[in-house]
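Single-structure report; data block below.
Just so it is clear, none of the values below were taken in a lab; they were calculated from the coordinates. Every value quoted in this text rests on a predicted model; they were computed, and no experiment measured them. All Cβ positions, even for glycine, are placed from backbone atoms using ideal geometry, and neighbour counts span all protein chains on display.
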Amino acid sequence: MLVLVAASCSTQRKSASSIQEESLMITRKYVGDFIEYRHTGPENYEGPNIIWVKTTMEGQYGKISAYGRKCDFAEGDRLYLRRVFYSPGIVSGYWVYLLENDASVSYRATDLQHDREVLIKEWFD
């Protein structure tokens with residue numbers, strides 16, 4: 001009886017630590033199915049071109065802003081936000097956020113999501 005109790009407790013501890021580790025390693029997050037997009041050009045010749053992507057989860061995220069002139073997502077594509085850590089030097093690094101589908105289409109997301117006035121990194125916190 002004592003062996004069974006000890007074995008069940010150790011299994012629970014392993015499961016809890018696995019869940020903690022997995023939550024720290026999330027690099028891709030589902031943000032809805034693609035519905036449509038619109039493009040806004042720069043205010044001057046030096047500014048960026050932005051696409052505003054509307055998904056089925058707009059109620060949660062708002063329109064997702066990314067850099068680009070046109071959007072090659074197809075209606076109904078499952079969209080994900082992926083974060084990639086770049087470390088150009090020895091000491092420091094930074095996260096880059098990409099809006100992508102299951103195929104090979106991706107766009108770099110803006111750091112500030114203007115529709116909800118939230119930093120994109122907060123979606124992973």
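Taking other C-beta atoms within 10 Å as the exposure proxy, 117, 36 rank 117, 36 from fewest upward. If you plug the beta carbon distance of residue 124 and residue 45 into 1/(1 + (r/R0)^6) with R0 = 35 Å, you get a FRET efficiency near 0.55.
Ordering 73, 124 from the fewest to the most neighbouring beta carbons within 10 Å gives 124, 73. For the pair residue 33 and residue 115, label points projected 7 Å from Cα toward Cβ lie 1.7 nm apart. Each peptide in 90-100, 40-50 was scored by the mean count of other Cβ atoms within 10 Å over its residues; highest first, the order is 90-100, 40-50. Straightening the chain between residue 92 and residue 58 buys 8.9 nm, computed as 0.36 nm per residue apart minus the Cα-Cα spacing.
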